[in-house]
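The values are calculated or read from the model by the stated rules, or taken from the named source; none is laboratory data. Remember, it's a predicted structure, so these values are computed and weren't measured experimentally. Cβ atoms come from the backbone with ideal geometry, glycine included; neighbour counts cover every protein chain shown. In case anyone asks, the SASA skips ligands and DNA or RNA and just uses the protein heavy atoms, side chains included. Shrake-Rupley method; radii C 1.70, N 1.55, O 1.52, S 1.80 Å.
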Amino acid sequence: MDPAIIEKIIQESGEYTSDMGEIDGVPMLQDTCNEWDEIYNFQAREDDILVASYPKSGTTWMQEIMDLIVLEGDVQKSMRAPCFIKVPFLELGKTSLKYAKVTPSPRLLKVHLPVQLVPPSFWKKNTKIIYVARNPKDCIVSYYYFQKMDKTMPDPGPFTDYFSSFMTGNMPWGNWFDHVIGWWKAKDQHQILYVFYEDMIEDPLREIKKVMTFMGKDLSEEVLQRIKHQTSFKIMKENPVANYSNLPSVFDLSVSTFMRKGKVGDWKDHFLVSQNEQFDAEYKKRMEGSGLQFRMEL
Ligand code: A3P
């Protein structure tokens, strides 16, 4: 792994502004909009595996699992570079995008895009995609702290305002409901494994096995146990390749850590009773008939 590239991606990430723009009606960071043509025309390969998610759904956790599955549990190799290098994020910036293009196969890639904005080449190549979804109440709380500490994102303001923005979908990468439902519908037409954060918390080994099978691998119980251990919250929180401690130009870890709580139900310490009622009513309306269900607590 070329340290100069790592340095360039780190340096460039900090140059970003926190302005917002829009792509086909979906609110996006302006910097993503500026590079949109290049992102949308990204050329996928048959043997790529893409992880997709709404922000704060457990993407980094899944990235580490996927990397360790490819490496057949080789922890030392998994320490070769930070997660945003091992699994290039197509919306992160020019260098990351360029780097994604030259990464040798088999590539792991990441997007936060809603399904309708995924570069068409991924559908043409029939690339395998793992979508990670998390219950929206914990997602809002996690996203709120994330926007507070991510210097390249708009300041979230007070939680009450942020809550309202989440409900209307006025957030980077758009409306949570549209995102999870859009991907849920797409899974019947494409090679998409739809994984829930709550299931990963409930039984990580079971979910790691599902991911392994989807990725076409067959690993021993011992290797799977090692992957489970290495990707536990406790280990990842201390692991510099996973905890984003190497991106100080972007993340102010004194405001909030990236690996913050890692649990289901943290929203209960943040939602007012009235917000919870408002949320439940909107959730019922939006999710009705979708066939998709989230667990807000375990
Ligand atoms: P919290 O802010 O609720 O703690 P993403 O990678 O999509 O940005 O998601 C980040 C969220 O996933 C954070 O949630 C983070 O703590 C949680 N997370 C990351 N790794 C995890 C792990 N190994 N176990 C449980 N949660 C994890």
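Of note:
- For the chain, the share of accessible area belonging to carbon and sulfur comes to 50 percent (1.4 Å probe, ligands and nucleic acids excluded).
- Per-residue HN-Hα couplings for segment 68-84 [Karplus 6.51, -1.76, 1.60; θ = phi - 60°; Hz; x = Gly/Pro]: 5, 5, 4, 7, 6, x, 7, 5, 4, 5, 5, 8, 5, 6, x, 4, 6
- The equivalent ellipsoid of the chain has semi-axes of 27, 23, 21 Å, largest first, where each one is the square root of 5 times an eigenvalue of the Cα gyration tensor.
- Coil-residue trypsin sites (Lys or Arg not before Pro) of segment 152-226, DSSP, other Cβ within 10 Å capped at 16: Lys187, Lys217
- Calculated from backbone phi, Karplus (6.51, -1.76, 1.60) coupling profile of segment 258-265 in Hz, x at Gly/Pro: 5, 8, 8, 10, x, 9, 9, x
- Segment 91-134-segment 224-263 distance, computed between alpha-carbon centres (Å): 22 Å
- On a per residue basis, segment 153-298 carries 50 Å² of accessible surface, using protein heavy atoms and a 1.4 Å probe.
- For Leu193, the residues 5 or more places off, or on other chains, whose built amide H falls under 5 Å of its own are Ile129, Ile130, Tyr131.
- Formal net charge of residues neighbouring Leu90 (Cβ-Cβ distance under 13 Å; K, R +1; D, E -1): -1
- Accessible area expressed per residue, segment 1-67, with surrounding protein chains retained (probe 1.4 Å, Å²): 42 Å²
- Shown in residue order for segment 87-103 are the 3J(HN,Hα) couplings computed by the Karplus curve 6.51 cos²θ - 1.76 cosθ + 1.60 at θ = phi - 60°: 10, x, 9, 5, 8, 6, x, 4, 5, 4, 5, 4, 5, 4, 5, 9, 5 Hz (x for Gly and Pro).
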